[in-house]
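Enquirer: Dumping the structure here so I can ask a few things about it.
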Amino acid sequence: MLNREAKKGSAELLILALVEERPRHGYELGKLIEQRSEGTLSFHVASLYPTLYRLEKRGLITGRWLEQAGQRRRRFYRLTPAGRRVLAEQRGTWGAFILALQRVAGVKAAEP
Amino acid sequence: MTDWTAIVRQHLREAAENPAREAEIVEELAQHLAQREADLIAAGTDPEDARACVMRDLPEWPRLAADIRLADRPRPMAPPPPPLRARNPLSGIRDELRYAVRTLLRSPGYTFGVVLILGLALGAATATFSVVNGVLLRPLPYADPDALVRVYDRTDRNTGGYVDGPTLAAVRRSARSFASVAGAYTYRPTGADLTRQGVATRVSTLSVTAGYFEALATAPLAGRTFTPTDERPDANLAVISEALAEQACGGFASCVGRSVMLDGAPTEIVGVMPATFRDPIGETADVWTPHVTSTTVHNHYISVIARLAPGATLSSANAELGMVAAALNREYQGAYERGPATAVSLHEDASGGLRTTLMILLGAVGLVLLIACVNVSHLVLARGLGRERDLAIRAALGCGRWQLVRQVLAEQLVLGAAGGALGALLAWAIVQALLSLMPGALVRAESVVIDRTVFLFGMTAAFGAAVLAGLPAAARVLTGRLEPLLRSGTQGAGGGRRRFASGGLVAAQVALSVVVLAAAVLLIGTFTRLSQVELGFDDTGVLAFEVNLPTARYADGEARARVRDELTDRFDAIPGVAASGRVSRLPVSGEFNVWTFRVAGRSDDELGDWSPANVRVVDGRYFDALRIPLVRGRLFERTDRADRPGAMVVSEAFVRRYFPDTDPIGKRMRIAGQFWTVVGSVRDVHHDHRLAPAPTLYLPHAQMAGERNWALTEVVRLSGSRPDIVTAIRQELAALDPELVVYNVRPLADVVATDLAAPRFSATLMTGFALLGLAIAAMGLAAVLSYTVSERTREIGVRMALGATRGDVGRMVVRSGLTWVGIGLAAGLPAAIGAWRLLGHLVTDVDPPTPKTIVTTALVMLAVAGVAAAVPARRATGVEPVRALRSE
């Protein structure tokens, strides 16, 4: 498990990256983060939704209620053009950061 | 399904800037939670568990609301989020416990079984501990009780450590280690007749020296206690109890200074002791009188208690007692060769020889508690196995292992609390039953209560036992591989390993039970042998009681002898009375009046100076009343009067010891300052069940009446049932002297039983523990076998279809059970032999184990196991092959 601060710092990047592929709702985001990180990262209600709302308020994502046949309506979030720019920026920043960690602290990615 | 919308709405009020936005947020979050719950249920989790799992993940609401506010409507002056604080751990535990209660209530059979087993074992353990607490741990009821000591004179084994007068006087005079030193005459219970308005009642008395109440740090309610100047024969002073003051004067204040008739002598009441006051040795008296200490060297008769001076310790006091003894040896040169008196803690002294017995019983009940723990741990595991699939799903869905462990332990805590409560109730009932069924088995019985210490012990034991029993299951959750269970279908995997673990737990229970059972078998054996000891007299149909002749009115020995003669005639004349008489000390009441005598005409080196013998003063037809047969010579007759030569009857043990080769009849002996001639010998009578009959001398009351006013116990043998015999005896007594009192009436059989109270107590308790341990182990065995049978129903069906008889199947089940029992026995018996060794080492009157003891222990264990295995075996033989094969 990563510590709280690391999780918080990476939350925006993770969410932006996931909604880049296609619009997703909050529960799906939570599940995907947990699955793809193989349990290393997990977001519950308390950490997930405030982040979503913050991103929306900053105009990086937009939420919209959508109905699918036979289901209740859900709020799907999609990436805005501004969000796409920020995602690219953050990817660059994190990439540099990870490179720096590798060089300075000898940090390596764990074996999958 | 849970109404998550309501829950979220309730907690997230005003998290958004307008109601519409708030509704959106509520809907979104509620949906998230509902979806998670639905996913858990879809994966096979029990709805109740799923809801609980979601509940546990729920955020800390105020912080979430603040976070949302901050994220959703950033304002320049946004209030900072509340400081991060750990989620209130207590509320978490409360939720966990509430959930555990709900889960347990859904398996009432399991819950009932565990609570019952824990409750029974805890009840036994708590009851035993309350006895240990009352007798050994609770401080004596005096101020600064640790400073209280008893002083013993251990130079002569036969006198039971009583001190003689000169030693007491020397210690009182010169020992600086003691703030106060006092003597009390507790050698035998004493009493007096208290006469008011012509009516006499019997009160118990205790003769004490000055400093007695001061040593015990208890001040009188009114008046004063005794001073050294009160210690004179004609003092006629008394301190009385509050209860007696209430009766005699209607209150303690008006009592002081009044005069009452005590044993026919006007006696002034100088003080009243509070109702809370207890005498430390023996029963608490109604009346205390000043004691005049004997000045006779080597007359060991008085109990000495003392309070250590500030700064003094037991060892400094004992060092000083050594110097006192040295001074005495110089003072009584030649006649007074002695070792020093010894001070011991009064608290230890008051618990007497019970310490070891109680510790052994506590150890045994600890084993029973352990058996219960092992049994319950097996039940928890078995239940856990049943729920493993469920646990695996939940673990896969993100309920962490620690969360599952916490849940197992929470259930155990709830079970422990219920078991502890049941145990406390049982303990109370057991203590009440023990105290009322076995009076006299315990000293300080009045302090055996369920107090705070006992309660704390009970609850600690309850939670400890419950958590201990949950550890194997918790360890399994933590270390076990849960995932494979998901794949292996309903039957689960590892049946063989599981059976092995179950069998091991059964074997452990059997091994522990064998140890407790072995102790019980040995104690029962000892008690049985003791109660079958041929005591040398017949106690059936004999009534014992006491009649005191007050010295003030019967000052003359001849008068006392005459009255006792008349009593014999009158009692013998009552229809239904076969024989009556009296004795200075009843049989099996311990060694008493061990006096030294000298055979006249024998040289000193032949029998070594003075020899000890128990002396009994008897009167009337004592030997007939107790059916003690005459062996040779004659019994006492009315003609053996004070003016005739002294006549003596001796016991056979006396003859064997002192006249092994000669006829004792006609031999002359010097005892109590005069010469006596042996006129007859009688069969031996035990002074104690545990000891061989000691050499005993009988002297006739008529010839000893002048020596002192003997406190004699009347014995009356009835020839048939006579319910109103006490009334008839009282009438005869009233006709003789209306102021005489009949008191302390009891069947002689009770006196005999009292001597065995301690071994009966330990044998009864140990047997109870053994039965409880056996029952729990048997339940464990039956449960394991039942489980095996239900698991192997198909296999049994196949076997029967292939031609196995019902007998074969039954045998198979019993054999699989007895294998584990055999392993348990093999492990338990060596431990049992160790326990026997320990018992024999610690307790003096326990017989050594014989092969019979070992065989009995093993057979009882096997028999119980056989019965326990029979039930599942019968179920196995009832399997219908066709149905069993179809059932898969």
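Enquirer: Quick check on my filter: what residues within region A:74-109 are part of a loop (DSSP other than H, G, I, E, B) and open to solvent by 90 Å² or more (accessible area, probe 1.4 Å)?
Expert: A:K108
Enquirer: Also, I was wondering about something else. Regarding A:R74, is this residue out of contact with any Pro (no Cβ under 9 Å at 6 or more places or on another chain) and away from chain B (no Cβ under 14 Å)?
Expert: It is false that A:R74 is out of contact with any Pro (no Cβ under 9 Å at 6 or more places or on another chain) and away from chain B (no Cβ under 14 Å).
Enquirer: Let me ask something else about it. Out of region B:216-241, which residues are out of contact with any Lys or Arg (no Cβ under 9 Å at 6 or more places or on another chain) and either open to solvent by 50 Å² or more (accessible area, probe 1.4 Å) or at positive phi (or both)?
Expert: Within region B:216-241, B:A219, B:L221, B:G223, B:R224, B:T227, B:T229, B:R232, B:P233, B:D234, B:N236 qualify.
Enquirer: Hey, does region B:570-582 have a residue that's under 29 Å from B:Y301 (Cα atoms) and modelled with pLDDT of 85 or more?
Expert: Within region B:570-582, one or more residues are under 29 Å from B:Y301 (Cα atoms) and modelled with pLDDT of 85 or more.
Enquirer: Every residue in region B:531-550 that is of a type outside the set (A, V, I, L, M, F, W, C) and touching a residue at least 12 places away in the same chain (Cβ under 8 Å), please.
Expert: Within region B:531-550, B:S531, B:G536, B:D538, B:D539, B:T540, B:G541, B:E546, B:N548, B:P550 meet the criteria.
Enquirer: Go through (1) closer than 20 Å to B:A71 by Cα; (2) in contact with a Leu (Cβ under 6 Å, 6 or more places away or on another chain) and name the single condition A:V107 misses.
Expert: (1)
Enquirer: For region B:614-644, give me each residue that is open to solvent by 10 Å² or more (accessible area, probe 1.4 Å) and of a type in the set (S, T, Y).
Expert: The answer is B:T639, and nothing else.
Enquirer: A follow-up question, please. Residues of region B:425-450 being in a loop (DSSP other than H, G, I, E, B) and in contact with a Lys or Arg (Cβ under 8 Å, 6 or more places away or on another chain), which ones?
Expert: Matches in region B:425-450: B:M438, B:A441, B:R444.
One line per residue, one yes/no per condition, for (1) open to solvent by less than 50 Å² (accessible area, probe 1.4 Å); (2) out of contact with any His (no Cβ under 8 Å at 6 or more places or on another chain); (3) of a type outside the set (S, T, N, Q):
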| position | (1), (2), (3) |
| --- | --- |
| B:T696 | yes, no, no |
| B:P700 | yes, yes, yes |
| B:E707 | no, yes, yes |
| B:L718 | yes, yes, yes |
| B:R722 | no, yes, yes |
| B:Q731 | no, yes, no |
| B:A735 | no, yes, yes |
| B:D750 | no, yes, yes |
| B:A753 | yes, yes, yes |
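Enquirer: Pick out the one residue from B:A578, B:A561, B:A573 that is of a type outside the set (S, T, Y), farther than 15 Å from B:A735 by Cβ and open to solvent by 20 Å² or more (accessible area, probe 1.4 Å).
Expert: Residue meeting the stated conditions: B:A578.
Enquirer: From the list B:G590, B:G666, pick out the single residue that is under 21 Å from B:H298 (Cα atoms) and surrounded by fewer than 16 Cβ atoms within 10 Å (Cβ to Cβ).
Expert: The conditions single out B:G590.
Enquirer: Of the conditions (1) open to solvent by 10 Å² or more (accessible area, probe 1.4 Å); (2) among the aromatic types (F, W, Y); (3) farther than 30 Å from B:R668 by Cα, B:F545 fails just one. Which one is it?
Expert: Unmet for B:F545, out of (1) open to solvent by 10 Å² or more (accessible area, probe 1.4 Å); (2) among the aromatic types (F, W, Y); (3) farther than 30 Å from B:R668 by Cα: (1).
Enquirer: With respect to B:A15, is the statement that it is small (G, A, S) and without any contact (Cβ under 8 Å) to a residue 24 or more places away in the chain true?
Expert: no
Enquirer: Hey, another quick one. Considering only strands (runs of 3 or more DSSP E) fully contained in region B:608-659, which possess at least 3 residues that are out of contact with any strand residue (DSSP E or B) (no Cβ under 8 Å at 6 or more places or on another chain)?
Expert: none
Enquirer: Looking at region B:6-22, can you tell me whether even one residue there is within 13 Å of chain A (Cβ to nearest Cβ), open to solvent by 10 Å² or more (accessible area, probe 1.4 Å) and under 23 Å from B:R102 (Cα atoms)?
Expert: Checking region B:6-22: at least one residue is within 13 Å of chain A (Cβ to nearest Cβ), open to solvent by 10 Å² or more (accessible area, probe 1.4 Å) and under 23 Å from B:R102 (Cα atoms).
Enquirer: Being open to solvent by 60 Å² or more (accessible area, probe 1.4 Å) and touching a helix residue (DSSP H, G or I) at 6+ places or on another chain (Cβ under 6 Å) is the filter; apply it to region A:31-56 and report the residue that is farthest from the other protein chains (Cβ to nearest Cβ).
Expert: Filtering first and then ranking leaves A:H44.
Enquirer: Out of the residues in region B:281-293 that are open to solvent by less than 30 Å² (accessible area, probe 1.4 Å) and either part of a loop (DSSP other than H, G, I, E, B) or more than 19 Å from B:A253 (Cα to Cα) (or both), which is modelled with the lowest pLDDT?
Expert: B:A285
The values are calculated or read from the model by the stated rules, or taken from the named source; none is laboratory data. Just so you know, these numbers come straight off a predicted model, no measurement behind them. As a convention, Cβ positions derive from the backbone with ideal geometry for all residues, glycine included, and neighbour counts pool all protein chains shown. Accessible surface areas use protein heavy atoms only, side chains included; no ligands, DNA or RNA. Shrake-Rupley method; radii C 1.70, N 1.55, O 1.52, S 1.80 Å.
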